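> Submitted below is the structure of interest, expressed as structure tokens.
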Amino acid sequence: MDIDDKREYIQNFSLDNCAHGNQGYNRVLLQLFGYTGHGKSTFINSCKYVVDDGQYKVYARVASAENKPETMIRNSYQLTETITLVDNRGCVTMNKDETGEICAQLGNFPPLDTEVKWFHTYTDILTTVLESERNNQFTDFIVPVFVYSARKQIAGSEADELKALLNLAQKITGILPTVVLTNKLTVNLHHITEKFRVMGVKLFPLENYTEEDHVRTREKHGDLIKCLHEIIKEVEFNMKMKRDPVAERIDRKRILCQLAHDRDMEKQKEEMMSSFRALEEKSQRKTGPCTQQ
Ligand SMILES: Nc1nc2c(ncn2[C@@H]2O[C@H](COP(=O)(O)OP(=O)(O)OP(=O)(O)O)[C@@H](O)[C@H]2O)c(=O)[nH]1
Ligand SMILES: [Mg+2]
């Protein structure tokens with residue numbers, strides 16, 4: 001298949017034509033997630049450029065620099081009649097509140113096209129889950145797409161953190177995340193691809209088109225189309241199984257609430273331990289150091 005055939009496949013993909021029909025799904029949601037400044041919004045603009053095959057346009061606002069968080073609203077961008085890209089809010093570090101929020105976004109609970117606030121408690125997550133009854137988002141077939149920049153190093157402990165995040169994304173969506181590795185024209189590429197390969201994920205190194213540099217190249221177009229084509233082929237494969245969107249939604253609610261509950265218990269334990277330590281230190285200061293007999 002050449003680039004044009006693959007583009008056509010993406011453009012014409014319809015859930016209705018899958019092995020068992022649409023099974024109650026009416027849209028494929030490519031859920032982009034990852035750290036801030038790694039190129040999620042730039043990837044959206046690149047995807048629109050290669051699939052529409054027209055002029056380069058900025059659809060998703062891009063940060064002026066990699067270290068300036070830009071996207072705060074969970075915006076959606078329609079790529080084809082069936083496929084929509086979601087620019088989820090990126091996180092700066094992977095703390096307990098942010099992983100909870102990422103899971104809520106990946107589970108498709110917060111409404112689209114509204115501002116994302118980070119969660120703090122179990123009640124916050126529960127509220128989002130209950131409020132999600134207002135929207136009809138259970139009819140979306142969710143595909144997690146992790147966006148990571150090859151310019152960033154992955155230190156030893158960060159690899160474990162990334163793996164845990166990818167596992168969590170798989171748990172909540174039921175689909176193995178695809179990894180888009182932006183900035184592939186970097187000296188680190190080999191080192192970083194090896195780190196992801198051992199995690200067993202599907203990896204697509206590519207160079208995004210940007211506002212400053214969107215001169216079409218066969219390689220950039222080819223990499224972007226190949227990535228989208230593989231993602232959609234995977235959707236078609238997963239649709240060969242009998243699925244139930246309502247049951248999947250219930251499972252996601254259960255997983256998210258359990259996660260939020262576990263996090264809250266952990267935090268409470270940490271708070272108790274630290275106030276216990278503070279009390280201990282205070283009482284030691286009062287009694288003074290032990291005198292030797
Ligand atoms: N050269 C090059 N620059 C890129 C690439 N991908 C992203 N950038 C640049 O990296 C910066 C950050 O990109 P964004 O798309 O705003 O990153 P983001 O992940 O959406 O960030 P948040 O919205 O803050 O979460 C921008 O200046 C982009 O132009 C790439 O593949 N190559
Ligand atoms: Mg962004």
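> Looking at (1) of a type in the set (S, T, Y); (2) buried (at least 24 other Cβ atoms within 10 Å of the Cβ); (3) over 17 Å from I231 (Cα atoms), which one does S46 not meet, given that it meets all the others?
(3)
> Something else now. Picking from L189, L176, which residue would you name as being open to solvent by 30 Å² or more (accessible area, probe 1.4 Å), within 25 Å of E101 (Cβ to Cβ) and in contact (Cβ under 8 Å) with a residue 12 or more places away in the chain? Can you show your working first?
Values: L189 fails: within 25 Å of E101 (Cβ to Cβ).
On inspection, the qualifying residue turns out to be L176.
> Another question, then. Give just the number: which of (1) open to solvent by 90 Å² or more (accessible area, probe 1.4 Å); (2) in contact (Cβ under 8 Å) with a residue 12 or more places away in the chain does P245 not satisfy?
Answer for P245: the failing condition is (1).
> Then there is this: Would you point out the residue of region 213-242, among those that are more than 20 Å from D140 (Cβ to Cβ) and of a type in the set (K, R), that is least open to solvent (accessible area, probe 1.4 Å)?
For region 213-242, the residue satisfying everything is K220.
> I'd like the residue in region 213-228 that is away from ligand 1 (no atom under 14 Å from the Cβ) and not charged (D, E, K, R) and, out of all such residues, is nearest to F146 (Cα to Cα).
First, pick out the residues of region 213-228 that are away from ligand 1 (no atom under 14 Å from the Cβ): 216, 218, 222, 225-226, 228.
Right, trim to not charged (D, E, K, R) and you get 222, 225, 228.
Details: G222: 20, I225: 17, L228: 13 Å.
Within region 213-228, the match that is nearest to F146 (Cα to Cα) is L228.
> Assess whether K202 counts as being in contact with a Pro (Cβ under 9 Å, 6 or more places away or on another chain) and either within 16 Å of ligand 2 (Cβ to nearest atom) or open to solvent by 40 Å² or more (accessible area, probe 1.4 Å) (or both).
Working: in contact with a Pro (Cβ under 9 Å, 6 or more places away or on another chain): yes; either within 16 Å of ligand 2 (Cβ to nearest atom) or open to solvent by 40 Å² or more (accessible area, probe 1.4 Å) (or both): yes.
Answer is yes for this residue.
> Hey, which of the helices (runs of 4 or more DSSP H) in region 1-117, taking only ones fully inside, have at least 2 residues that are under 20 Å from the mean Cα position of the chain (by Cα) and modelled with pLDDT under 90?
Values: elements: 3-12, 40-52, 96-106.
It comes to 96-106.
> Being over 21 Å from D113 (Cα atoms) and buried (at least 20 other Cβ atoms within 10 Å of the Cβ) narrows it down to one residue among L15, L85; which is it?
Numbers: L85 fails: over 21 Å from D113 (Cα atoms).
From the options L15, L85, the qualifying one is L15.
The values are calculated or read from the model by the stated rules, or taken from the named source; none is laboratory data. Since we're looking at a predicted model, the values are computed, not measured. Methodologically, a virtual Cβ is constructed for each residue, glycine included, from the backbone with ideal geometry; neighbour enumeration extends over all protein chains shown. When the accessible area is computed, the model is the full protein with side chains, heavy atoms only, and any ligands, DNA or RNA have been set aside. Shrake-Rupley method; radii C 1.70, N 1.55, O 1.52, S 1.80 Å.
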